[in-house]
1. Which residue, 58, 40, 20, tops the fluctuation ranking in a GNM of the chain built on C-alpha contacts under 10 Å?
2. What is the distance, in nm, between label points placed 7 Å from the Cα along the Cα-to-Cβ direction at residue 67 and at residue 52?
3. Which whole-number percent gives the relative contact order of the chain, counting Cα pairs below 8 Å spaced six or more residues apart?
4. Calculate the FRET efficiency for residue 24 and residue 45 from the Cβ-Cβ distance with a Förster distance of 25 Å, rounded to the nearest 0.05.
5. Would you calculate, for the chain, the mean residue ellipticity at 222 nm contributed by helices, counting each DSSP H stretch of 4 or more residues as -39,500 (n - 2.57) and dividing by all residues, to the nearest 500?
6. Where is the GNM fluctuation largest for the chain (alpha-carbon springs, 10 angstrom cutoff): 60, 52, 36?
7. Using 0.36 nm per residue, how much length does the chain from residue 36 to residue 75 gain when fully extended, once their Cα-Cα distance is taken away?
8. Enter the angle in degrees (range 0 to 90, nearest 10) between the Cα long axis of helix 24-37 and the first principal axis of the Cα atoms of the chain, meaning the one along which they spread out most.
């Protein structure tokens, strides 16, 4: 089931992504939230969640135009 992502869903998405039962879907939903609403937390490499956790995009291999897509996110 796809998570509902809107401006007000950060707390719910962050709690799900950082829980011990988190799935990759939970982590990716938090990444989608940051892409849409949390660009101020981007430092050029990762999103700073709370000063002690980070969320890094995982990119696809470059295509013929040397472009990559975000395929998932990884918590750190």
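Throughout, read-outs are computed from the coordinates displayed, never taken from laboratory work. Remember, it's a predicted structure, so these values are computed and weren't measured experimentally. Glycine also receives a Cβ, built like all others from the backbone with ideal geometry; neighbour counts cover every protein chain displayed.
1. Comparing 58, 40, 20 in the GNM, the peak value goes to 20.
2. The modelled label-to-label distance comes out at 4.0 nm.
3. 23
4. 0.80
5. Estimated from H runs of four or more residues: -9000 deg cm²/dmol.
6. 52
7. 12.3 nm
8. 80
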